[in-house]
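One structure below.
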Amino acid sequence: MDLSIELARRLETDAAAHVDTVFRLATDRGTLLVFSVRAGEIEFEPDASPDVTFTFDRPDTARAILLGDADPIAAFMAGQFRSDGHLPLAFVLLGLFRHDFGGPPPD
């Protein structure tokens, strides 16, 4: 499934209620996604100017971390996930999406 669709489906609206940030997800080869989270809603905005960029070693790493299938701290320590200097926003990003941890997909 497309990552943007999956992120929109898993957005925790309560956690996103007070967020007003534009996130850019990238690899060294370029942008994966740019999206804003404002007032509990997510909008994909490829031309928006990001407040923070998170760079992953591979698109699969980004997907696994955001969907809760990989440990973000271990990925960060292994150099698979880095921030452009706004590391505290990584915790905001990770808290925005429901993680299934092997269970059935959320409704």
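The values are calculated or read from the model by the stated rules, or taken from the named source; none is laboratory data. Source: prediction; values computed, not measured. Please note: Cβ atoms are built from the backbone with ideal geometry, for glycine as well, and neighbour counts cover all protein chains shown. With ligands, DNA and RNA removed, areas are computed over all heavy atoms of the protein, side chains included. Shrake-Rupley method; radii C 1.70, N 1.55, O 1.52, S 1.80 Å.
Annotations for the structure displayed:
- When the solvent-accessible area of the chain is split by element, carbon and sulfur atoms take up 52 percent of it, the probe being 1.4 Å.
- Distance between the C-alpha centres of region 47-92 and region 1-43: 12 Å, rounded to the whole angstrom.
- Unit charges at the beta carbon, dipole of the chain: most positive-side option, G79, F97, V52: G79
- Solvent-accessible surface of the chain, taken per residue with a 1.4 Å probe and all protein chains present: 56 Å².
- Each peptide in 21-31, 37-47 receives the mean, over its residues, of other Cβ atoms within 10 Å, and ordering these scores from highest gives 21-31, 37-47.
- Dipole axis of the chain (+1 Lys, Arg; -1 Asp, Glu on Cβ), positive-most option in T61, L32, H18: T61
- Note on region 12-107: with charges restricted to the Cβ of Lys and Arg (+1) and Asp and Glu (-1), its dipole about the Cα centre is near 280 debye.
- Across the chain, the mean sequence separation of Cα contacts (distance under 8 Å, 6 or more residues apart), normalised by length, yields a relative contact order of 27 percent.
- Note on the chain: Rg/Rh from C-alpha atoms, Kirkwood Rh, equals 0.92.
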